[in-house]
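Structure, as structure tokens:
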Amino acid sequence: MPSVSIVSPSAPPRADAVVVGVTRGKDGPRLAPGGDVIDEALGGQLSKALRALNAKGSPDEVITLPTLGLADFPIVVAAGLGPAPFDAEAARRGVGAALRGLTRRQRVHVALEAPAGALAEGVLLGAYAFTAYKSKPAKAALRTVTLGTATGERADVRRAATVVQAVNLTRDLVNTPPNDLYPQTFAERAAALAAEGGLDVEVLDERALKRGKYGGILAVGRGSARPPRLVRISYRPKRARAHVALVGKGITFDSGGLNLKTANLTWMKSDMGGAAAAIAATLALAALKVPVALTATVPMAENMPSGTSYRPSDILTMRDGSTVEVTDTDAEGRLVLADAITRAAEDEPDRLIELSTLTGAQLIALGNRVIGAMGEPGWRDEVVAAANATGEAAWAMPLPDALRKDLDSPVADIANVPADRFAGMLIGGRFIGEFVPDGLPWVHLDIAGPAFNTGRPRDYTPKGGTGAGVRTIIAAVEQLAAG
Ligand code: BES
Ligand code: MN
Ligand code: ZN
């Protein structure tokens with residue numbers, strides 16, 4: 001990652017590119033605060049040039065202007081922020097969009113009066129690229145970014161770098177193809193990262209899972225030649241104010257199993273996005289020394305069709321002793337999560353955050369930008385508030401009691417999928433809730449859409465893995481520590 005520092009906003013340093021913000025005014029584009037020094041350095045020509053180019057100042061508008069020898073920087077990049085006044089997220093998105101096109105420059109200066117932490121996040125999120133599998137990767141040259149802002153301090157930039165490191169790690173893990181990232185290698189990677197961060201790790205292999213009666217994880221993993229794992233990473237600070245359990249869905253590839261998918265197969269490597277986010281957020285919160293104890297409990301399995309696969313109509317005995325009738329092998333996430341939640345709850349945490357690419361119904365209801373949040377209403381709303389404050393959109397969804405009867409099974413305690421497909425996102429949440437012990441405040445975040453961008457890059461969001469959920473977990477836990 002490039003290094004980011006705050007500099008005086010009054011004098012633009014020598015740079016290979018300068019980023020300014022543009023807001024959308026009633027009578028055309030307006031240079032956002034902080035950009036005036038750049039305009040002055042160019043003899044007032046910048047605002048005129050933006051008008052001449054028909055700039056709008058809309059989100060995701062990025063206009064590159066040459067300075068033709070008039071200044072110490074060869075180009076100015078004008079990033080649209082939307083209408084004034086713009087908030088921190090608009091700044092994050094604007095500079096993110098600008099930085100996506102500037103990774104081949106060595107030194108970039110951002111001349112925008114906005115919170116330094118948000119600017120740093122936008123810069124570092126936008127500069128991300130996944131090049132691990134390119135035999136001739138385009139060289140990223142970006143080394144230093146200076147922020148010309150008077151809002152915020154070095155500690156904000158340091159926090160931003162830690163947060164973005166976690167988001168970008170999640171993106172890397174999601175983007176890594178499933179022939180290289182499967183339960184064993186994912187677990188090894190998680191264990192190595194945890195050890196690096198000085199955290200305790202426990203990896204349960206297939207034999208340990210059998211001993212532990214993890215019927216859900218074992219069933220889902222059985223069709224694959226690559227056996228499942230359960231990874232547990234814990235962070236135990238001195239004088240912890242609370243203990244939060246994190247659980248993330250780690251299906252390294254979801255083919256659907258015997259209920260083979262007919263759609264979306266091409267992006268089912270993203271089905272471990274929740275697991276990656278839970279692991280990365282734990283590492284970040286530990287690095288930030290947040291005084292909250294954390295345990296990430298992450299089930300990892302590959303859902304494949306084969307002669308050893310679990311079948312529709314199998315009845316599973318789960319770790320908690322309850323039985324589940326498998327009516328659809330493609331509803332595998334809730335099965336591995338059920339066991340993981342049971343295990344996580346055995347530590348008697350004060351709160352639970354579970355996140356997963358659980359349902360296509362989340363995409364139908366909320367699309368690829370808004371996380372669906374379900375669970376105990378008090379904690380759910382705190383997590384939704386934290387998400388929205390940090391720039392990740394989340395929306396609270398209800399879990400009416402009446403949903404439970406849809407999951408009634410004639411032969412087992414519960415079925416994993418009802419007969420009809422209505423309210424699929426809520427049904428997923430309701431099934432998950434069945435495995436949360438009474439009295440434990442819990443939230444289920446369905447990130448099926450937000451975890452993976454199948455469309456074009458936008459704002460600070462690249463194509464592919466997005467790192468959805470990481471910032472939400474970090475913000476929610478920080479908020480808990482503060483409150
Ligand atoms: N991993 C999928 C959910 C998913 C779908 C994520 C599309 C991202 C994009 C999950 O395991 C799944 O297959 N869910 C089923 C549930 C159904 C069988 C009740 C679904 O949504 O179709
Ligand atoms: Mn599935
Ligand atoms: Zn899945």
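Looking at ARG158, ARG171, which one is under 18 Å from ALA281 (Cβ atoms) and either buried (at least 22 other Cβ atoms within 10 Å of the Cβ) or of a type in the set (A, V, I, L, M, F, W, C) (or both)? The conditions single out ARG171. The single residue among THR282, THR266 that is on the phi < 0 side of the Ramachandran plot, more than 16 Å from ligand 3 (Cβ to nearest atom), part of a helix (DSSP H, G or I) and of a type in the set (S, T, N, Q) turns out to be THR282. Counting only residues that are over 17 Å from LYS249 (Cα atoms) and outside any strand (DSSP E or B), the stretch 176-205 holds 10 of them.
Conditions tested, residue by residue: (1) touching a Phe, Trp or Tyr at 6+ places or on another chain (Cβ under 7 Å); (2) not aromatic (Phe, Trp, Tyr).
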position	(1), (2)
ASN416	yes, yes
PHE422	no, no
PRO437	no, yes
ASP446	no, yes
PRO450	no, yes
PRO462	yes, yes
GLY469	no, yes
ILE474	no, yes
ALA481	no, yes
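Open to solvent by less than 40 Å² (accessible area, probe 1.4 Å) and assigned to a helix (DSSP H, G or I): does that describe ALA361? Yes.
Rundown of residues vs (1) touching a Pro at 6+ places or on another chain (Cβ under 9 Å); (2) in contact (Cβ under 8 Å) with a residue 40 or more places away in the chain; (3) small (Gly, Ala, Ser), yes/no style:
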residue	(1), (2), (3)
GLY307	no, no, yes
SER313	no, no, yes
THR317	no, yes, no
VAL326	yes, yes, no
ASP339	yes, yes, no
THR342	yes, yes, no
ASP350	yes, yes, no
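Filtered by the rule that a residue be closer than 19 Å to ALA150 by Cα and in a strand (DSSP E or B), the stretch 24-61 gives a lone residue, LEU31.
If I filter the stretch 296-316 down to residues being of a type in the set (Val, Ile, Thr) and surrounded by fewer than 24 Cβ atoms within 10 Å (Cβ to Cβ), which single residue comes out as farthest from ligand 3 (Cβ to nearest atom)? By that ranking, first place goes to ILE315. The residues of the stretch 325-358 that are more than 15 Å from ligand 2 (Cβ to nearest atom) and open to solvent by less than 10 Å² (accessible area, probe 1.4 Å), listed by number, are ASP339, ALA340, ILE341, ALA344, LEU352, ILE353, GLU354, LEU355.
The residues on offer are GLY439, GLY464, GLY455, and the sole one that is in the same structural domain as PRO237 (by TED's automatic domain parsing), open to solvent by less than 20 Å² (accessible area, probe 1.4 Å), more than 16 Å from ligand 2 (Cβ to nearest atom) and not aliphatic (A, V, I, L, M) is GLY464.
The values are calculated or read from the model by the stated rules, or taken from the named source; none is laboratory data. Just so it is clear, the structure is predicted and the values come from calculations on it, not from any experiment. For neighbour counting, all protein chains shown are included, and Cβ atoms are generated from backbone atoms with ideal geometry for every residue, glycine included. What goes into the accessible areas is simple: the full protein's heavy atoms, side chains included, and nothing from ligands, DNA or RNA. Shrake-Rupley method; radii C 1.70, N 1.55, O 1.52, S 1.80 Å.
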